[in-house]
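The values are calculated or read from the model by the stated rules, or taken from the named source; none is laboratory data. What you see is a predicted model; the values in this text were computed from it and never measured. Note that we place each Cβ from the backbone using ideal geometry, even for glycine, and neighbour counts take in every protein chain shown. When the accessible area is computed, the model is the full protein with side chains, heavy atoms only, and any ligands, DNA or RNA have been set aside. Shrake-Rupley method; radii C 1.70, N 1.55, O 1.52, S 1.80 Å.
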Amino acid sequence: HMRQRATGHITFFQRSMHNEHARRLESEQLLRDALAQLWVEPFLQPLVDTVRGTITGFEALCRIRHPETGLVSPGEFIPVAEETGLIHPLSLQLLDQILPLLSDSRMTERYGNAFYISFNLSPVQLQDPHMGEEILERLRHSGVSPERLNIELTETAVMGDANTAIEIMERFATAGFAISLDDFGAGYSSLGLIRSLPLQQVKIDRSLVSSVDTDDEKRAILNMILSLCEQLDLTAVVEGVETETELACLAGMGAQLVQGFLFSRPLPPETLLDQVPPRGLLSAAGS
Ligand code: C2E
Ligand code: MG
Ligand code: MG
Ligand code: MG
């Protein structure tokens with residue numbers, strides 16, 4: 001009886017390993033196809049200044065648009081992209097689509113010519129001076145004004161070879177590109193890190209925002225991060241704002257820059273231009 005149970009267990013385990021492996025191979029193939037067929041595209045999600053009532057910028061979030069199965073989210077392919085090194089060509093393909101948006105006349109007519117686009121770099125790219133340098137070269141050659149592009153990194157970027165990562169960050173910072181620390185408050189979130197990296201912005205993780213209105217601990221942590229940012233002269237952006245109640249609570253805490261489904265989901269630029277007015281979001285949010 002015992003043996004039967006054990007065997008059943010092993011079979012189940014092997015099958016799930018097999019499935020995991022098969023899924024991985026499938027994701028890798030999808031990614032290779034997407035890069036070859038140009039199915040990779042950036043979606044944009046607005047960053048909203050709730051005091052001024054304007055959009056200050058957009059975060060570019062990558063999607064694969066598969067002709068048969070439709071949209072695929074980064075959670076499905078970024079991990080595989082990082083393991084295989086395909087993250088680098090993926091980034092370059094995205095940048096080639098994002099940079100022209102900064103001077104696209106429809107974009108500038110609607111959102112002004114000062115909005116910035118925030119671009120996520122993977123920790124893998126911060127561990128490899130060659131990748132970092134190639135991204136930087138691409139930016140320099142595009143002639144885009146550096147204050148119009150913001151680089152988002154998570155703290156995991158400096159958890160491997162911190163020296164290499166910081167060196168690459170310094171090069172971006174010296175070239176004038178602002179760097180944001182993404183998902184702050186989600187992981188280890190060392191306070192010392194905030195001070196030792198060449199940052200201009202901190203993006204507060206959405207896990208601290210959900211039900212902030214009813215959770216005293218979350219409110220305490222958020223308050224602390226917001227005042228730390230203020231004192232260190234860092235811009236704070238609160239991510240993942242979904243409800244009016246959260247927004248009101250954050251406003252009460254002095255959070256000025258927010259991003260979240262309440263204002264807009266990430267959208268293809270065409271849809272964004274169609275649906276998201278430069279100031280209309282806040283009236284849609286009722287404030
Ligand atoms: P992230 O950089 O922290 O991006 C924010 C994520 O939160 C996005 O998920 C966005 O759709 C989601 N989000 C925004 N507002 C809300 C909200 O109000 N509620 C909820 N529940 N979620 C919200 P997405 O697009 O699936 O991206 C997931 C992650 O994948 C990103 O997290 C980023 O780490 C990574 N990623 C996306 N695009 C790229 C890329 O081009 N390069 C790299 N290296 N990573 C990327
Ligand atoms: Mg991000
Ligand atoms: Mg984030
Ligand atoms: Mg995240």
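Scanning the stretch 207-219 for residues that are open to solvent by 50 Å² or more (accessible area, probe 1.4 Å) and either in contact with a strand residue (DSSP E or B) (Cβ under 8 Å, 6 or more places away or on another chain) or more than 16 Å from ALA248 (Cα to Cα) (or both) returns SER207, GLU217. The selection criterion, being within 14 Å of ligand 3 (Cβ to nearest atom), buried (at least 18 other Cβ atoms within 10 Å of the Cβ), closer than 15 Å to GLU59 by Cα and of a type in the set (Gly, Ala, Ser), does not hold for SER264. Contact map, the stretch 177-206: first residue open to solvent by 50 Å² or more (accessible area, probe 1.4 Å), second residue within 16 Å of ligand 4 (Cβ to nearest atom) and part of a loop (DSSP other than H, G, I, E, B), Cβ cut-off under 6 Å, separation 6 or more or different chains; pairs are ASP183/ASP205; ALA186/ASP205; ARG206/GLU239; ARG206/GLY240.
When ALA36, ALA81 are screened for being in contact with a helix residue (DSSP H, G or I) (Cβ under 8 Å, 6 or more places away or on another chain), modelled with pLDDT of 95 or more, among the small types (Gly, Ala, Ser) and not in a strand (DSSP E or B), only ALA81 passes.
Taking (1) among the hydroxyl-bearing types (Ser, Thr, Tyr); (2) open to solvent by 40 Å² or more (accessible area, probe 1.4 Å); (3) within 16 Å of ligand 4 (Cβ to nearest atom) in turn, THR174 satisfies each apart from (3).
Just one of the listed residues (GLU167, GLU133, GLU147) is within 18 Å of the chain's Cα centre (by Cα), in contact (Cβ under 8 Å) with a residue 12 or more places away in the chain and surrounded by fewer than 16 Cβ atoms within 10 Å (Cβ to Cβ), namely GLU147.
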